[in-house]
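Comments concern the structure below.
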Amino acid sequence: MPRPESPVKSIYRAILADGLAPPLLARGFKSRERGETFVRSAGDVDFHAGASFLSRGGAFGIAQIAVGLSFRSVQSALRRFAGDEPSNLRSGGGIVTNLSTLVAHRTGRSPTWDTLDASSSDPPAVAALLRADVTAHALPFLDDHADPARAIAYWSTPPHRDPHALAVALALRGDRPAARHAADSIIADARATAARVPGPQADRQLATALRFAEFVDTLG
């Protein structure tokens with residue numbers, strides 16, 4: 001028998017239906033998993049948004065809303081290289097952020113919709129705040145990073161640095177020198193690790209880096 005849903009989770013579900021869903025559905029997203037996940041595809045890009053909950057004591061909870069996207073061509077190439085050993089490739093090939101973090105970074109304020117006290121919160125007001133933040137921050141973030149040039153900048157910059165995705169994306173765009181530079185940075189990191197902590201694992205990591213550079217040269 002399914003475990004009864006906590007009061008705060010039920011309230012959150014209603015808030016999602018009124019706050020998260022409308023702006024996403026209006027942009028062509030499809031709802032999945034009882035309105036907790038939303039997906040949309042456009043060209044080479046897959047967009048997603050999803051909510052997760054941490055309920056504390058049944059009447060208090062925290063919600064995290066992640067928004068992100070991935071490029072099918074980049075992920076397909078990464079999977080093709082990884083083959084049966086995906087653990088050899090430390091790359092997700094995606095772009096994702098937490099909406100609370102995004103709002104705080106862009107506005108300097110902490111959103112109030114991500115924590116809920118079932119006894120004192122006003123669900124319609126909370127939903128309105130969430131809806132405004134999705135419209136003002138989540139959707140523009142997705143639109144901006146669907147531009148391959150912005151994605152490349154994202155993968156080039158800490159803390160989002162992802163040289164595997166970067167090398168593949170550059171190679172697929174035909175920028176072979178920049179792609180090879182990104183692949184060479186992976187080799188350099190692997191060699192530095194092997195020098196610092198020698199052993200079989202470091203040797204495998206270096207061998208994988210060298211094979212990846214050869215693979216990148218075949219793309220584009």
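The values are calculated or read from the model by the stated rules, or taken from the named source; none is laboratory data. Since the model is a prediction, treat every value here as computed from it, not as a measurement. Note that each Cβ is placed from the backbone with ideal geometry, even for glycine, and that neighbours are counted across all protein chains shown.
Among the residues making up segment 23-38, those that are modelled with pLDDT of 90 or more and among the small types (Gly, Ala, Ser) are Ala26, Gly28, Ser31. Among the helices (runs of 4 or more DSSP H) confined to segment 138-205, the ones with at least 3 residues that are among the β-branched types (Val, Ile, Thr) are located at 176-196.
Taking segment 190-220 as the range and being touching a residue at least 24 places away in the same chain (Cβ under 8 Å) and acidic (Asp, Glu) as the test, only Asp217 passes. Among the residues of segment 105-119, is any buried (at least 16 other Cβ atoms within 10 Å of the Cβ), part of a helix (DSSP H, G or I) and not hydroxyl-bearing (Ser, Thr, Tyr)? Scanning segment 105-119, I find no residue that is buried (at least 16 other Cβ atoms within 10 Å of the Cβ), part of a helix (DSSP H, G or I) and not hydroxyl-bearing (Ser, Thr, Tyr), so the answer is no.
Thr157: hydroxyl-bearing (Ser, Thr, Tyr), more than 24 Å from the chain's Cα centre (by Cα) and surrounded by fewer than 22 Cβ atoms within 10 Å (Cβ to Cβ), yes or no? Answer is no for this residue.
Matching residues to (1) assigned to a helix (DSSP H, G or I); (2) of a type outside the set (Val, Ile, Thr); (3) closer than 27 Å to Ala146 by Cα:
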| position | (1), (2), (3) |
| --- | --- |
| Ser10 | yes, yes, no |
| Arg13 | yes, yes, no |
| Leu16 | yes, yes, yes |
| Leu25 | yes, yes, yes |
| Arg40 | no, yes, yes |
| Ala51 | no, yes, yes |
| Leu54 | no, yes, no |
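Listed by first and then second residue, the pairs linking a residue in segment 129-148 that is under 16 Å from Ala26 (Cβ atoms) to a residue that is of a type in the set (Phe, Trp, Tyr) and modelled with pLDDT under 95, with Cβ atoms under 7 Å apart and 6 or more places separating them unless they lie on different chains, are Leu130/Trp113. In segment 76-88, the condition of being assigned to a loop (DSSP other than H, G, I, E, B), under 20 Å from Val126 (Cα atoms) and either over 17 Å from the mean Cα position of the chain (by Cα) or at pLDDT 90 or above (or both) is met by no residue.
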